[in-house]
Structure formats: structure tokens, C-alpha cells
């Protein structure tokens, strides 16, 4: 099923069904974003444990770190 098929199918639904799809999509997007944040957290933990992360409160040093 293509994206345009999905869009056309959604158009034919009732308002209540469209609202339910909207709620489901918001939930799915939230869950995906949460999983992405968790994966980034796990990666940061590994980098911290292997001493690859660098921290600084000095603005100039932070700029240099970003450029690396």
C-alpha cells in the first residue's frame, strides 16, 4: 500500500476514526522519539565510559570541540 493509498483511505473515514488515527500517530511519534532519546543516551554512556566524551564550561573550548 502506497502513501497516497493510505491518504485516500483516511479521507474516507469518519471524523471519529480520523481523530483516533491522529491520537495513534501522536502516540507512535512520541514512542519513536522516546526510543531515539534512549538510544542516544546509551551511546553517550558508552562514550563516557570509554572517555570519548569531553565536557567544558568554557565557551571557546566548547566551540573548538564542536569544530573537531
Against the conditions (1) at pLDDT below 95; (2) in a helix (DSSP H, G or I), where does residue 4 fall short? Just the number, please. (1)
Within the range 56-68, track down each residue that is surrounded by 10 or more Cβ atoms within 10 Å (Cβ to Cβ) and part of a helix (DSSP H, G or I). 61, 62, 63, 64, 65
Does residue 53 meet the test of being assigned to a loop (DSSP other than H, G, I, E, B) and surrounded by 10 or more Cβ atoms within 10 Å (Cβ to Cβ)? yes
Among all residue pairs at least 6 apart or on different chains, which show Cβ distances below 9 Å where the first residue, located in the range 13-30, is surrounded by 10 or more Cβ atoms within 10 Å (Cβ to Cβ) and the second is modelled with pLDDT of 95 or more and assigned to a helix (DSSP H, G or I)? 13/20; 13/21; 17/10; 18/10; 18/11; 21/10
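The values are calculated or read from the model by the stated rules, or taken from the named source; none is laboratory data. Since this is a predicted model, take the numbers as computed values, not measurements. All Cβ positions, glycine included, derive from the backbone under ideal geometry; neighbour counts span all protein chains shown.
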